[in-house]
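The values are calculated or read from the model by the stated rules, or taken from the named source; none is laboratory data. Only a predicted model underlies this, so the values are computations on that prediction, with no experimental measurement involved. Note that each Cβ is placed from the backbone with ideal geometry, even for glycine, and that neighbours are counted across all protein chains shown. We work out accessible area using only protein heavy atoms, side chains counted, and drop any ligands, DNA or RNA first. Shrake-Rupley method; radii C 1.70, N 1.55, O 1.52, S 1.80 Å.
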Amino acid sequence: MFMETSGINSWQEAKDGLDGSTRSSLLNFTHFRSPLFLFFYSFIFLFFSCSEAQEHIAAAVNPEDSTSVMTTYGVNTLISDSGVIKYRIVTERWDVNTVRHPSRWEFIKGIFFEQFDEQFHVQAYIQADTAWYFDQMRLWLLRGRVSIRNVKGLVYTSEELYWDGIKHEFYSTVFSRVVTPERTMEGTYFRSDEKMEHYVVSNSVGSFVASDMEGDEQQPATGNEGEEEMEPLRPAPEKHRRY
């Protein structure tokens with residue numbers, strides 16, 4: 001009992017001998033050590049420790065909004081086919097997108113081609129406002145003021161044209177116009193080889209020289225009489241209208 005009383009008296013004497021700021025600090029420290037404060041602090045700690053962490057997941061990427069793996073500006077390059085240089089491509093912007101299905105090259109700022117023969121002589125010029133090349137299918141889609149001009153004076157114009165790199169042919173199922181030194185043809189179906197030497201225009205109207213009209217039976221306008229029937233067209237990429 002004597003020891004406890006002595007301890008209280010010593011603590012009281014020490015506290016009386018402190019200045020005001022030190023005494024205030026001791027009082028605050030004593031308050032923080034109170035049972036009520038410790039219980040409140042423990043409750044807050046346990047509440048935040050037990051709460052489940054929330055994952056912040058971004059929305060899925062829309063395939064139509066996927067970014068290109070390569071974007072090149074101011075392109076002027078040569079393209080080879082089977083080891084032989086066949087084309088020159090000039091475009092303001094070239095995007096390569098391998099994420100979308102099917103994978104493709106995109107030329108949203110327009111495209112211009114020069115087509116060469118084996119001796120590297122220019123055979124034709126091709127241009128369009130927009131173009132897509134589906135590399136796995138080897139299929140071009142040209143759209144918007146499509147124009148082809150070859151060295152023989154043939155001029156082809158349309159709003160949409162497919163270019164099949166496997167069968168080496170052009171085809172279109174929209175209104176097309178073919179103008180040569182001898183004739184002018186218009187129709188909603190067009191098909192031709194890559195050199196624009198053998199072509200067919202059906203569902204057509206046009207003007208011809210008298211020597212081209214043989215017989216009264218209406219036939220599709222063709223650039224090569226007696227040509228064998230061409231193979232069916234390859235199907236276009238699905239939803240090709242949404243680019």
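Descriptive notes on the structure:
- Every residue from the stretch 136-167 that is of a type in the set (D, E, K, R) and open to solvent by 60 Å² or more (accessible area, probe 1.4 Å): R138, R145, R149, K152, E159, K167
- Hits in the stretch 80-114 - residues which are small (G, A, S) and modelled with pLDDT of 90 or more: S103, G110
- Selection count where residues are surrounded by fewer than 15 Cβ atoms within 10 Å (Cβ to Cβ) and part of a strand (DSSP E or B), scope the stretch 104-124: 1
- Test: V178 is open to solvent by less than 30 Å² (accessible area, probe 1.4 Å), in contact with a Ser or Thr (Cβ under 8 Å, 6 or more places away or on another chain) and either in contact (Cβ under 8 Å) with a residue 12 or more places away in the chain or in a strand (DSSP E or B) (or both): yes
- When every residue of the stretch 140-153 is checked against the conditions, at least one turns out to be at pLDDT 95 or above, over 24 Å from the mean Cα position of the chain (by Cα) and of a type in the set (A, V, I, L, M).
- Selection status of M185, buried (at least 17 other Cβ atoms within 10 Å of the Cβ) and at positive phi: no
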